[in-house]
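The next block holds one structure in the form of structure tokens; read it before the comments.
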Amino acid sequence: MSRTLPAPAETDPHPASQVRRGASPSSLRIVKDRGQAKGSRSSQGANPSRAWLRPARLALFYASLFAAWWIVAARQIWPPYLLPSPVDVGIFLRESLADGTLIPAVLTSAARVSVGYGVALVGGTVLGLALARSRLLDETLGSAVVGLQSLPSICWFPLALIWFNLSEKAVLFVIVMGSLFAITLAVRAGVRQIPPLTLRAARMLGAGSGLRLWQHVLLPAILPAFLSGMRQGWAFAWRSLMAAELLSQSLKIGIGHLLSNGRDLNDMSMVLGMIFVILALGLLVDRLLFFPVERAVARRWGVEGA
């Protein structure tokens, strides 16, 4: 006598379809909360005794570099006018601070790069979103953006001279064009990498297609790529500024102008001192601006910046 087995219960292969269409958008925060919990667990699992290892390694690395520089300069393998000692460079920096030369140059260059980078950040974000949302724009203007992004920023300087002469506008133009397209491509890549299934699930959970969708889904998804584009755009803007100031001899103030003076005077202490100032400012901006922003994003959304 055969026994009939009960038929298995039917299951929906698409669990998202079981979610009530009018669900509260607060349920979208589940993924974010899980990411926060994961980040919290990983941070708690880290060994606190190793927190000092990274700064110790950095300090040891830079101390080794300066020690090697000091030894080479002391042995005079190259003449002092080609490789001054760290003491000579330190004396120049101290005198530049004392006579009021360095601080105005730093502030002027910082103001220029802040304005140019701000314009590039806004323009690159808008343009990147437009390319990501429009196939026609991406197939036409997008191809030009990819080509322009590979163009060295110094190539914009002759065009800036013709249009704006030797002026502040020429420097700002070079900064904007040097960093705009890197930010554009980063934003476009961030939007494109969002899986379509994520967007459909978000709409089914009640996010719609407006502000809620951006707040709970799109913004967290594109943040890693956007932060990477911000950092890359800043690096391009900073390098573009230095190139423009080096070539703009009529601008009598700025870090690039002091670097150019060191070249004209054959003063290697001045050249190395300004190179160290440029490097220090770049590292300072990265640690004080981008690093805290990435940590805040990781705490808020449970994602890591690139």
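The values are calculated or read from the model by the stated rules, or taken from the named source; none is laboratory data. The structure displayed is predicted, hence computed values, not measured ones. Note that each Cβ is placed from the backbone with ideal geometry, even for glycine, and that neighbours are counted across all protein chains shown.
Summary table
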| quantity | calculated |
| --- | --- |
| Neighbours by Cβ (under 6 Å, 6+ apart or cross-chain): first from region 286-298, in contact (Cβ under 8 Å) with a residue 24 or more places away in the chain and within 13 Å of Met230 (Cα to Cα); second surrounded by 11 or more Cβ atoms within 10 Å (Cβ to Cβ) and small (Gly, Ala, Ser) | Glu294/Gly305 |
| Residue in region 243-266 that is surrounded by the fewest Cβ atoms within 10 Å (Cβ to Cβ), counting only those that are touching a helix residue (DSSP H, G or I) at 6+ places or on another chain (Cβ under 8 Å) and free of Cβ contacts under 8 Å to residues at least 40 places away in the same chain | Arg263 |
| Residue that is nearest to the chain's Cα centre (by Cα) [pool: residues in region 65-79 that are in contact (Cβ under 8 Å) with a residue 12 or more places away in the chain and within 19 Å of Asp267 (Cβ to Cβ)] | Trp69 |
| Residue within region 187-203 that is crowded, with 20+ Cβ neighbours inside 10 Å, under 23 Å from the mean Cα position of the chain (by Cα) and not basic (Lys, Arg) present | yes |
| Complete set of residues in region 158-187 that are small (Gly, Ala, Ser) and more than 19 Å from Lys252 (Cβ to Cβ) | Gly178, Ser179, Ala182, Ala186 |
| Considering residues of region 116-136 that are assigned to a helix (DSSP H, G or I), over 13 Å from the mean Cα position of the chain (by Cα) and surrounded by fewer than 15 Cβ atoms within 10 Å (Cβ to Cβ) only, the residue modelled with the lowest pLDDT | Arg133 |
| Search result, residues across region 99-115 that are within 26 Å of Leu223 (Cβ to Cβ) and either aromatic (Phe, Trp, Tyr) or crowded, with 20+ Cβ neighbours inside 10 Å (or both) | Val113 |
| Close pairs (6 angstrom Cβ cut-off, 6 or more residues apart or separate chains): farther than 13 Å from Gly233 by Cα in region 146-158, surrounded by 13 or more Cβ atoms within 10 Å (Cβ to Cβ) anywhere | Leu148/Phe181; Ile154/Ala243; Trp156/Val174; Trp156/Met177; Phe157/Val174; Phe157/Leu247 |
